[in-house]
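Undergrad: Here it is: the structure, laid out below.
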Amino acid sequence: MAQKAGFGGTTLTTVAAIAAMTIAIVMEVLDGFPVSPSPTQQSFTSEQFVADFEAMWTSLRDNYAYLDKKQTDWNKVREIYRPRLKELKGRDEFVTLLENTLDELYDNHLSLNTNLNTSSRLIPTGLDVWAEWIHGRPIVTQLRSGFSAEQAGIKVGMEIVSVNGVPIKDAVARRLPKSLKKIDDEAKNWALRAVLAGTHDQGRVIGARGTRGSAAVYRLDLPGQMTVDAYEYIPKVEWKMLPGQVGYIKINDLISDQIVAQFDFALEKARESRGMILDLRDIPRGGNTDVAEPILGRFIDRQVGYQQVVPLRAPAYVRLVSPRGPWTYTAPLVVLVNRWTGSMGEGMTIGLDGMRRALVVGTPMAGLNGGVFNLVLPNTKIVVGYPGERLNHVNGIPRETFVPPVRVNLPDGQAQTRDLIFEAGYERLTKVIEHR
């Protein structure tokens, strides 16, 4: 779904019509890989489930790159979930047990390649209302433009009171991992957003209180609303020319192998622009380096480092990107980001910032941990995607904690007719152009 940029009479142009068990991959898909429903039930023995569970538990103990940053007692996780394996009646119940096990690490970049109707929606892909604990209160801080939460009337600044009739503090307490040595802010915020995302099989009813103290009930996921489960990521690339000879390119996908050619087409159309806005605010699924790096290569004229990689058992190094294409876009560049800029979208953002090639404008991003590796379980062949190496800005700051140099604070009850992040980016860019 295209976001309107706020200039009447200027239309977007779709470019879509234009032409052993652990496997390290260069893909940085937000959820590891596209998630598919559970296949037809297969028969597995209790011993096979135990072997697969042990394979996952051991591999994450040895290879998950963020275990030392968690309050999770990983040995306790095994004590909690391993005994339940003997009670399982089939693959679906095993999938649920694996999901519960992974939840103990409260990491949104950790997931399975399969799910059930009863599975929790992944974040940020399956979330349209971002909230966080502020002074002990669960406050809405951002909404995904055009989606169900916004359509239902929820606004930035509201305090969440309940979800599906359950008081929010009770719902969050139930959703917290069971193995924590102590409950930290990261775990509390993870549980809050997991509750708000809900499950695939149930519509959400959210009770929220406005800034004046009045509470109301908001029904989400209704047939007439844009829901995260029904969203299709098309068009892949959009472009237009804005007043002041400013180019605008919005990328909605960094996974498809069509993206590079579509981006090149859009860039060619905007070649004579005096400055460019690159909008990365609708990439919750992340993407892969085979798409992102060629795009980065159009903005540089020499090989340069864009991201620091920190493997678990090898020295850190800087990943390089090279110039690409028949010409380089050298005019000023502004990148727009928000909470739905995920994974490889975050990598592109910190890369352009680290290369001093763009000014980043917006809010904090999805904050997804590291580069994804895949673990194939030996019997069920379920694939577990997990962060197996840390990724940092070239200055050493963890990617997941990066904050835009131009941070846009979204005011309580913001008017949905205005795109404040776009407005801030356009204003900054035009000032730079004027002073060149």
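Undergrad: Quick check on residue 199: is it surrounded by 15 or more Cβ atoms within 10 Å (Cβ to Cβ) and of a type in the set (Ser, Thr, Tyr)?
TA: So residue 199 passes the test.
Undergrad: Taking the options 431, 381, name whichever one is charged (D, E, K, R), in a loop (DSSP other than H, G, I, E, B), surrounded by fewer than 22 Cβ atoms within 10 Å (Cβ to Cβ) and out of contact with any Ser or Thr (no Cβ under 9 Å at 6 or more places or on another chain). Write out each step before concluding.
TA: Numbers: 431 fails: in a loop (DSSP other than H, G, I, E, B).
None of the other options fit; the residue is 381.
Undergrad: Of the numbered conditions (1) crowded, with 19+ Cβ neighbours inside 10 Å; (2) hydrophobic (A, V, I, L, M, F, W, C); (3) under 28 Å from residue 95 (Cβ atoms), residue 365 satisfies every one except a single condition; which is it?
TA: (3)
Yes/no matrix, rows are residues, columns are (1) closer than 30 Å to residue 434 by Cβ; (2) not assigned by TED's automatic domain parsing to the domain that holds residue 394:
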site	(1), (2)
227	no, yes
240	yes, no
245	yes, no
255	no, no
265	yes, no
276	yes, no
282	yes, no
304	yes, no
315	no, no
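Conditions (1) of a type in the set (A, V, I, L, M, F, W, C); (2) assigned by TED's automatic domain parsing to the domain that holds residue 342; (3) buried (at least 18 other Cβ atoms within 10 Å of the Cβ); (4) farther than 22 Å from residue 223 by Cβ, marked per residue:
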position	(1), (2), (3), (4)
110	yes, no, yes, yes
133	yes, no, no, yes
136	no, no, no, yes
152	yes, no, yes, no
156	yes, no, yes, yes
159	no, no, yes, yes
167	no, no, no, yes
172	yes, no, yes, yes
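Undergrad: Inside region 266-310, can you point out the residues that are over 24 Å from the mean Cα position of the chain (by Cα) and polar (S, T, N, Q)?
TA: 273, 303
Undergrad: Which of the residues that make up region 347-374 are in contact with an Asp or Glu (Cβ under 7 Å, 6 or more places away or on another chain) and either assigned to a helix (DSSP H, G or I) or more than 19 Å from residue 108 (Cα to Cα) (or both)?
TA: Initially, region 347-374 is screened for residues in contact with an Asp or Glu (Cβ under 7 Å, 6 or more places away or on another chain), giving 347, 360, 365-372.
If the condition is that a residue be in contact with an Asp or Glu (Cβ under 7 Å, 6 or more places away or on another chain) and either assigned to a helix (DSSP H, G or I) or more than 19 Å from residue 108 (Cα to Cα) (or both), then 347, 360 are the ones that fit.
Per-residue answers, yes or no, for (1) modelled with pLDDT under 95; (2) in contact with a Pro (Cβ under 9 Å, 6 or more places away or on another chain); (3) buried (at least 22 other Cβ atoms within 10 Å of the Cβ); (4) not aromatic (Phe, Trp, Tyr):
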site	(1), (2), (3), (4)
232	yes, no, no, yes
241	no, no, no, yes
245	no, no, no, yes
262	no, yes, yes, yes
271	no, no, no, yes
277	no, no, yes, yes
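Undergrad: Quick test of your reading of the structure: residue 240 fulfils all but one of (1) out of contact with any Asp or Glu (no Cβ under 9 Å at 6 or more places or on another chain); (2) in a loop (DSSP other than H, G, I, E, B). Name the failing condition by number.
TA: (2)
The values are calculated or read from the model by the stated rules, or taken from the named source; none is laboratory data. Just so it is clear, the model here is predicted, and its values are computed rather than measured. A quick note on method: Cβ atoms are made from the backbone with ideal geometry, for glycine too, and the neighbour counts reach across all protein chains shown.
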